[in-house]
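Following: one structure in structure tokens, then a few remarks.
The values are calculated or read from the model by the stated rules, or taken from the named source; none is laboratory data. Bear in mind the structure is a predicted one, so any value in this text is a computation, not a measurement. Quick reminder, even Gly has a Cβ in these numbers, built from the backbone with ideal geometry, and neighbours come from all protein chains shown. The protein model used for the area step is the full one, side chains on, heavy atoms only, and it has no ligands, DNA or RNA in it. Shrake-Rupley method; radii C 1.70, N 1.55, O 1.52, S 1.80 Å.
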Amino acid sequence: MAQQREVFMEISPADFFYRNRDLAGFTNPSRAVYATIRELLENSLDACELHRIPPEIYIRLSQESSNDKAETYRIRIMDNGSGVPPEHIPSAFGQILYGSKYTLKQVRGTFGLGGKMAVLYGQITTHSSVHIISSTGTSRIYEFELMIDIQKNRPIIMKKDVKSNKDKWHGTIIEFTFEGDYTKAMAKIIEYMKQTAMVAPYANLTFIDPKGRLYRYTRITDKLPPPPDEILPHPYGVDVETIQRIINVTKCRDMLCFMTTHFHRVGKNTAEKFLEYAQLDGKTDPKRLTPDDSVALAQAMRNFPDFLPPDASCLSPIGRELLEAGIRKELNPDFIIVEQRKPAAYSGYPFIVEVGVAFGGEVPSKTGIALYRFANRIPLLYDESSDVAWKVANTKVNWRHYKVTPDMPIALIVHICSTKVPYKTVGKEFIADRPEVENEILRGVRNVSRRLRLFLSRKISIERERQRLNVFSRYLPKIAKFATELAEKEEEPDIKPLLGSIDRFRSFSENEEE
Ligand code: ADP
Ligand code: MG
């Protein structure tokens, strides 16, 4: 048998994701429509929120053609966000792993991948280019037509145009075609938008679907949560590679300066204590550390017990008031309570958990709890049972203790925001069960459930009283009649005032419940 030779080659990141599009959520035509809309919408929301612009987003999906093998769609999305500076447009939309969000602050995008994955998918399924119009509010609007050179991972500029921008418009318009299956994806897409509206009640969102139906989610407030700051890496999350990169660029000449300049919440005192703990002289020049020293330094950073926990200025939770307003707007419940937990951290990454519970109204009545999961304000709709919030809701909480029965319309809302959400895949669908995160969710759920129990007990006792009075008012006329006969009286007593007071109780208890 002839010996076969192995062939070695290198592939670009674009080529890698071209071959492994499942990893980014583009598994089949239906998931492709969902992922495309989701990634573009996320980019638009990021572009608005980071600049405190109340989002105005318009999405149109139309069908181009269909045959028995495939359906082709055209998507157009327009936002009023920050816009993309012209020199970055080609790479932002035509080079995988290129983006402006590789920093330590909370954003929806994380991998420099999502929007381009959609564009790449469009290109490989319909062999067409992407059309981008954008302005940052300067006197010019830039228009590009791009394709991706997948093997080189570089944008190819097919056309470029500059127009004047008299109105100082800022925002981005993106348009391209791709292969998909809207009919199958429809329910999830609409649910995605509804849940997006729930956590972004300050956004106007319009969606026109291929069947010509218009979905509109209207803002109920102009208030946006404060935008997050960027922070330095926290020592508990630092590894040797990070240390090495900082050493390469640092201007510090000694370790004391190195520690206090490049790490989150390390002041002079903490730095001195730490250096003593790590058996390093504060005067050592960081550039003289050997590789072994760097390894020892990273280990010492992870083990030193006295670093301050990361602060939460880099996070932008939704906040009790806004989240409650959003849930009211989309679910219109009879009862709702939201709790924001204090900032916590896992491996040096700060995070905040927000938990809400809602009862009645338009909360779907299904068996068990309706779980709404969010991460950095992104609704998570797939792989529910792999998510840490599902684990907490279904295995850690004894709902009977809170007077919740399986037939009740109850929604549990869990939002986690972090500089690094512990997703298990780049498709960003579910969150790993990090003990710190799990613990915060559990505590939040317990607190809101306690308030729910109060509401439910009250509701149950009012219901009992109402039933008692129902029986009473049904039999009262008969009792009156019978008593009159028994007493051998002619005239029955007047029971109207009594019936009246029962009615008054009924309407009072109904108002009470609201
Ligand atoms: P990511 O969002 O993970 O960074 P994307 O491929 O989705 O990766 O987007 C790449 C970059 O393009 C973003 O980091 C952002 O700077 C820019 N971008 C994409 N869409 C928009 C938009 N609608 N408005 C402004 N900037 C955008
Ligand atoms: Mg993105």
**Message:** From the phi angles alone, apply the Karplus equation (6.51, -1.76, 1.60; θ = phi - 60°) to segment 353-363 and give each ³J(HN,Hα) in whole Hz, x where the residue is Gly or Pro.
**Reply:** 10, 10, 10, x, 10, 10, 10, x, x, 9, 5
**Message:** Net charge within 11 Å of Thr425 by Cβ-Cβ distance, Lys/Arg positive one each and Asp/Glu negative one each, not counting Thr425 itself?
**Reply:** -1
**Angle between the chain longest axis and helix 435-486 axis [Cα atoms, degrees, rounded to 10]** = 10 degrees
**Prompt:** Within the set Lys194/Lys428; Lys184/Lys366; Lys366/Lys403; Lys116/Lys342; Lys116/Lys391; Lys184/Lys211, which residue pairs have Cα atoms separated by over 24 Å?
**Reply:** Lys116/Lys342; Lys116/Lys391
**Request:** Count the DSSP beta bridges whose two residues both fall in the chain, then state the antiparallel fraction as a percent rounded to the nearest 5.
**Result:** 85 percent
**Asked** For Ser100, Ser12, what's the largest-to-smallest order of accessible area, 1.4 Å probe?
**Response** Ser100, Ser12
**Asked** Ignoring any ligand, DNA or RNA, what whole percent of the accessible area of segment 235-303 comes from carbon and sulfur when the probe is 1.4 angstrom?
**Response** 46 percent
**Complete:** Counting sequence-distant residues (5 or more places) and residues on other chains, those with an amide H built under 5 Å from that of Ile96 are Ala14
**Prompt:** Roughly how many Å² of Lys481 are accessible to a 1.4 Å probe, to the nearest 10?
**Reply:** 110 Å²
**Request:** With the full set of protein chains in place, find how many percent of the accessible area of segment 13-217 is carbon and sulfur; take the probe as 1.4 Å.
**Result:** 50 percent
**Asked** To the nearest 10 degrees, how steep is helix 268-277 against the longest Cα principal axis of the chain, on a 0 to 90 scale?
**Response** 70 degrees
**Request:** Return the whole-Å distance between the Cα centroid of segment 75-152 and the Cα centroid of segment 420-434.
**Result:** 24 Å
**Item:** For segment 214-279 versus segment 1-71, the gap between their alpha-carbon centres in whole angstrom
**Value:** 32 Å
**Fill in**
The percentage of the accessible area of segment 320-453 (probe 1.4 Å, all protein chains present) made up of carbon and sulfur atoms, to the nearest whole number, is 43 percent
**Equivalent ellipsoid semi-axes - Cα gyration tensor, segment 456-513, angstrom** = 30, 12, 5
**Prompt:** In whole Å, what is the distance between the alpha-carbon centres of segment 330-356 and segment 292-314?
**Reply:** 27 Å
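What does the charge count around Thr72 come to, taking other residues whose C-beta lies under 12 Å from its C-beta (Lys +1, Arg +1, Asp -1, Glu -1)?
-2
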**Asked** Among the lysines, which have Cα under 26 Å from the Cα of Lys168 when same-chain residues fewer than 8 positions away are ignored?
**Response** Lys101, Lys159, Lys160, Lys223
**Complete:** Here the cysteines of the chain without any disulfide-compatible Cβ partner under 4.7 Å are Cys48, Cys314, Cys417
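Treating only the Cβ of Lys, Arg, Asp and Glu as charged (+1, +1, -1, -1), what charge dipole size does segment 220-346 show about its Cα centre? Round to the nearest 20 debye.
Dipole size: approximately 220 debye.
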**Request:** Compute, for Glu64, the solvent-accessible surface of its heavy atoms (probe 1.4 Å) with the complete set of protein chains present, and express it in square angstrom to the nearest 10.
**Result:** 100 Å²
**Message:** Full-extension gain between His127 and Ile173, please, as 0.36 nm times their residue separation minus the C-alpha to C-alpha distance.
**Reply:** 14.6 nm
**Message:** Sort 237-246, 360-369 by packing, meaning the average of other beta carbons within 10 Å per residue, with the highest value first.
**Reply:** 237-246, 360-369
**Asked** What is the projected area of the convex hull of the Cα atoms of segment 320-453, averaged over all directions, in nm²?
**Response** 7.4 nm²
**Request:** Determine the shape class of segment 180-219: with a ≥ b ≥ c the square roots of the Cα gyration tensor eigenvalues, call it rounded for a/c under 1.5, and otherwise prolate if a/b is greater than b/c, oblate otherwise.
**Result:** oblate
**Solvent exposure of the chain as accessible area per residue, Å², 1.4 Å probe** = 51 Å²
**Asked** Relative contact order for segment 13-217 using alpha-carbon pairs under 8 Å, separation at least 6, rounded to a whole percent?
**Response** 28 percent
**Request:** Could you calculate, for segment 79-198, the ratio of the Cα radius of gyration to the Kirkwood radius, expressed as Rg to Rh?
**Result:** 0.99
**Request:** Taking only the C-alpha atoms, wrap a convex hull around segment 235-303 and report its volume per residue in Å³ as a whole number.
**Result:** 74 Å³
**Prompt:** Convex hull over the Cα atoms of segment 58-121, averaged projected area in nm²?
**Reply:** 5.8 nm²
**Asked** Helix 320-331 versus the longest principal axis of the chain: what angle, 0 to 90°, nearest 10, using Cα atoms?
**Response** 70 degrees
**Request:** Could you tell me, in Å, what Rg and Dmax come out for the Cα atoms of the chain?
**Result:** 29.5, 118
